[in-house]
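**Student:** This is the structure, below, for whatever I ask next.
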Amino acid sequence: MPLRQYARKVERGLRYYLSGQDLPLILAAVDSLGAIYRSVNSSPYLAAAGIEGSPERRSDDELAQAARPVFDALNRQRLADWRERFGLRRNQGRASTDVAQVARAATFEAVQSLLVDMDRVIDGHVDETDGRIDEVMAPGASSCSVLNEIARRVLLSGGEVLSVRKEDLPDGAPVAAILRYAL
């Protein structure tokens, strides 16, 4: 079977399997086949960088290790794009790093995209009707992680949630949100 025909079959199979997903696709192939596959690929999620060399000669662990730097670069770019969008929306009154404002926005399904500090915990309760935060001094049965509750509400309303390191958040805040509309 000619290589271009083979690449098209792989493309059709992947298109069917990955339909409706927006996950990054990292190509692992020898240079000649990789170039042919890229020429027939229709996925907007195919990473520009790939894993060079035959994947058949690598274990799953070796492929995962080789993919890590590609994922890291994609993540850095995604965060840079997010911060740029955040800056533009902030100037329009459609972004916030204020936890109370973000909780309120999440309650009213106004958060399009949320960054949350993966290591930060704020114990308390987020009111179901108005999004008001009642912080508690000691965690207990009636409290939860405020940040987790905000993230849950964003996900339930179809928003995007990214768990990131503190240094990836603007203003040193525990959350940052891009809003669908100004509140």
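The values are calculated or read from the model by the stated rules, or taken from the named source; none is laboratory data. Nothing here was measured: the structure is a model prediction, and the numbers come from that model. So basically every Cβ, Gly included, is an ideal-geometry build from the backbone, and we count neighbours across all protein chains shown.
**Student:** Are there any strands (runs of 3 or more DSSP E) wholly within region 66-183 with 1 or more residues that are farther than 30 Å from G53 by Cβ, among the hydroxyl-bearing types (S, T, Y) and not assigned by TED's automatic domain parsing to the domain that holds D22, and if so which?
**Tutor:** It comes to 111-117, 160-164.
**Student:** Now, a different point. Could you grab me the full set of residues in region 52-65 that are surrounded by 11 or more Cβ atoms within 10 Å (Cβ to Cβ) and not in a helix (DSSP H, G or I)?
**Tutor:** E52, G53, S54, R58
**Student:** Could you tell me which residue of region 152-163 is nearest to R83 (Cα to Cα), considering only residues that are surrounded by 13 or more Cβ atoms within 10 Å (Cβ to Cβ) and out of contact with any helix residue (DSSP H, G or I) (no Cβ under 7 Å at 6 or more places or on another chain)?
**Tutor:** In this case the residue turns out to be L162.
**Student:** Is it true that some residue in region 46-54 is β-branched (V, I, T) and closer than 25 Å to L162 by Cβ?
**Tutor:** Within region 46-54 (the criterion being β-branched (V, I, T) and closer than 25 Å to L162 by Cβ), the answer is yes, since at least one residue qualifies.
**Student:** Another question about this same structure. Within region 12-40, can you find the residues that are under 24 Å from R78 (Cα atoms) and either touching a helix residue (DSSP H, G or I) at 6+ places or on another chain (Cβ under 6 Å) or of a type in the set (K, R) (or both)?
**Tutor:** Selection gives R15, P24, I26, L27, A28, R38.
**Student:** So, of the residues in region 13-42 that are out of contact with any Gly (no Cβ under 7 Å at 6 or more places or on another chain) and part of a loop (DSSP other than H, G, I, E, B), which turns out to be nearest to E62 (Cα to Cα)?
**Tutor:** P24
**Student:** Just for region 110-126: of the residues that are of a type in the set (A, V, I, L, M) and within 17 Å of the chain's Cα centre (by Cα), which one is surrounded by the most Cβ atoms within 10 Å (Cβ to Cβ)?
**Tutor:** V111
**Student:** Within region 1-12, which residues are basic (K, R) and part of a loop (DSSP other than H, G, I, E, B)?
**Tutor:** Correct list: empty.
**Student:** Now for a separate question. Would you check which residues across region 88-109 are among the small types (G, A, S), touching a residue at least 60 places away in the same chain (Cβ under 8 Å) and surrounded by fewer than 21 Cβ atoms within 10 Å (Cβ to Cβ) and list them?
**Tutor:** G93 - this is the single residue of region 88-109 that is among the small types (G, A, S), touching a residue at least 60 places away in the same chain (Cβ under 8 Å) and surrounded by fewer than 21 Cβ atoms within 10 Å (Cβ to Cβ).
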